[in-house]
Amino acid sequence: MNIKFPNYDKCITNIPNSILKYFGIDEGRKTSAILDSYLEKEYDNIVILLLDGMGKCIMDGNLDKNGFFHNHLKEIYNSTFPPTTVAATTSMLSGMNPCEHGWLGWDCYYPQINKNVTVFLNTEMETGKPAAEYNVAYEYCGYENVIQKVNRMYGEGTAYFIAPFAEPYPQSFEDVVKNIAYLCNQSGKKFIYSYWPEPDSTMHKKGCYVDDVKVILRNFESQVEKICDDLKNTLFVITADHGHLDSECVAIVDYPKILECLVRMPSIEPRALNLFVKSEEKEQFVEEFQKEFGKKFRLFSKQEVIENQLFGPGTEHVSFRDMLGDYLAVAIDNLSIFATREEAESYIGVHAGLTQDEMEIPLIVIEMC
């Protein structure tokens, strides 16, 4: 497989910084040159729709090459590392790279409480119990998002967030589209960021190129094309947080010689394993890991992760280095290493590694005068 390191000069983090710049909030961060060129014009509505998991390879494998999305594809650019929802959508919302915001993956180690926490659920990774009486990620890695920044500058009602977990809690993609249309038809200059968790959810369970995924994406394409026919003075951007691939899945519990070397279970992602290793077992760990997984994973030391700026350039979050283990094992092929057999048996489609299919995402732009 083609190994693909993120290009942080041309990645998802640039998009929100272009939006902020358009609204006069220039924080000196890298913006998207192509989006900046569109934003030289004045629009009543700037809409970003992020479809979870719809990487370039997923578009190519499931949609008509002459269809609406491909016909408006303006650029192929990169996710963050890891190419996964927690890291990449937080970069989209914050305008910061993962090393800066600290939302590194599905499960993060928080040194303040010495626990692996499932970030979006605020639960302990291993037990599923509440991690704390407060939201751990926001407590230790809180940030002001783009919607908040724009509304702080221009007043509430300038920027909006449409997602199934945010008010008014749309429960279908059709609801998302209706909400976008309603807001675009209101007076005033505005920014609308919308998110939907498909096709990611279906691909995890069923694979990347099955009929169910094709139906989902073609439905999305049809609904977006229809809404665009009715909008005026709007720039509509469709993108994704990461791509996907079909994987062979194993469980680390089936590798006791590796497991006995660890201080705690791996965190971050099954394709980007954050590994805290017992000081007296480092030599054995490296030997065993390379023997079992060396052909399909690349093992980085903590220092190599930092020197290579794998989680991006920028001012590191105060907790970033303490959140990192002694090693980071990153998938460069189709293998994923889950914590449990149950998880390993439940997944087909995966992401968060360093392959081209996971890293490359589309920038689709539709202008409506």
Kindly indicate the residue of region 96-129 that is over 18 Å from the mean Cα position of the chain (by Cα) and aliphatic (A, V, I, L, M) and also farthest from residue 307 (Cα to Cα) among those meeting that condition. 125
Which pairs have Cβ atoms under 7 Å, sit 6 or more apart or on different chains, and link a residue in region 234-260 that is under 30 Å from residue 279 (Cα atoms) to one that is of a type in the set (S, T, N, Q) and surrounded by 18 or more Cβ atoms within 10 Å (Cβ to Cβ)? 249/336
Test result for residue 46, in contact with a strand residue (DSSP E or B) (Cβ under 6 Å, 6 or more places away or on another chain) and surrounded by fewer than 19 Cβ atoms within 10 Å (Cβ to Cβ): no
In region 97-138, residues that are without any contact (Cβ under 8 Å) to a residue 12 or more places away in the chain and not hydroxyl-bearing (Ser, Thr, Tyr) total 7
If you go through region 231-261 one residue at a time, how many are touching a Ser or Thr at 6+ places or on another chain (Cβ under 7 Å), part of a loop (DSSP other than H, G, I, E, B) and of a type in the set (A, V, I, L, M)? 0
Counting only helices (runs of 4 or more DSSP H) entirely within region 83-202, those with at least 1 residues that are open to solvent by 40 Å² or more (accessible area, probe 1.4 Å), out of contact with any Cys (no Cβ under 7 Å at 6 or more places or on another chain) and modelled with pLDDT under 95 are 146-154
With the requirement that a residue be in a loop (DSSP other than H, G, I, E, B) and either without any contact (Cβ under 8 Å) to a residue 12 or more places away in the chain or under 19 Å from residue 162 (Cβ atoms) (or both), what does region 65-82 give you? 65, 66
Residues in region 52-74: is at least one surrounded by fewer than 23 Cβ atoms within 10 Å (Cβ to Cβ), closer than 24 Å to residue 184 by Cα and aliphatic (A, V, I, L, M)? yes
List every residue pair whose Cβ atoms sit under 8 Å apart, with the two residues 6 or more apart in sequence or on different chains, where the first one lies in region 340-367 and is on the phi > 0 side of the Ramachandran plot and the second, anywhere, is among the basic types (Lys, Arg) and surrounded by 17 or more Cβ atoms within 10 Å (Cβ to Cβ). 352/271
Hey, could you check region 276-293 for residues that are in contact (Cβ under 8 Å) with a residue 24 or more places away in the chain, open to solvent by 50 Å² or more (accessible area, probe 1.4 Å) and not basic (Lys, Arg) and say which is farthest from residue 334 (Cα to Cα)? 284
Within region 294-304, does at least one residue satisfy the condition of being of a type outside the set (Val, Ile, Thr), modelled with pLDDT under 95 and open to solvent by less than 30 Å² (accessible area, probe 1.4 Å)? no
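The values are calculated or read from the model by the stated rules, or taken from the named source; none is laboratory data. All figures in this text were calculated on a predicted structure; none of them were measured in a lab. Glycine gets a Cβ as well: all are built from the backbone with ideal geometry, and neighbour counts include every protein chain shown. Please note that ligands, DNA and RNA were not included when accessible areas were found on the heavy atoms of the full protein model with its side chains. Shrake-Rupley method; radii C 1.70, N 1.55, O 1.52, S 1.80 Å.
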